[in-house]
1. In this structure, does Lys16 turn out to be part of a loop (DSSP other than H, G, I, E, B), modelled with pLDDT of 95 or more and basic (Lys, Arg)?
2. Checking Gln33 against (1) at pLDDT 95 or above; (2) out of contact with any helix residue (DSSP H, G or I) (no Cβ under 7 Å at 6 or more places or on another chain), which single condition isn't satisfied?
3. Among the residues of region 28-49, what is the count of those that are exposed (fewer than 15 other Cβ atoms within 10 Å of the Cβ) and assigned to a loop (DSSP other than H, G, I, E, B)?
4. Collect the residues in region 1-16 that are farther than 13 Å from Gly63 by Cα and either of a type outside the set (Lys, Arg) or touching a residue at least 12 places away in the same chain (Cβ under 8 Å) (or both), keeping them in residue-number order.
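The values are calculated or read from the model by the stated rules, or taken from the named source; none is laboratory data. Bear in mind that the values here come from a model prediction, so they are computed numbers and not experimental data. FYI the Cβ positions are ideal-geometry reconstructions off the backbone, even for glycines, and counts take in every protein chain you see.
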Amino acid sequence: MFFYRRLKDLREDSDKKQEDIASVLNITRQQYQLYESGKREMPMHHFIALAKFYNVSLDYLAGITDSPNKIL
């Protein structure tokens with residue numbers, strides 16, 4: 001799974017709008033939309049912020065694993 005598909009799934013599962021997630025990242029909705037559509041690569045600090053926000057592992061967010069559990 002591509003990371004941008006996972007971004008959309010997590011956002012929709014948490015009943016958030018793109019504006020809500022853009023606010024978490026302190027970016028515009030348009031910039032976030034580019035990440036979620038796969039048209040722009042997302043910087044690592046945004047991956048970290050979203051992993052914390054959704055309480056999932058970076059591997060899950062990146063689509064490397066299907067297990068959302070954080071590894072401590």
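1. yes
2. (2)
3. 7
4. Once the filter is applied, which keeps residues that are farther than 13 Å from Gly63 by Cα and either of a type outside the set (Lys, Arg) or touching a residue at least 12 places away in the same chain (Cβ under 8 Å) (or both), region 1-16 yields Arg11, Glu12, Asp13, Ser14, Asp15.
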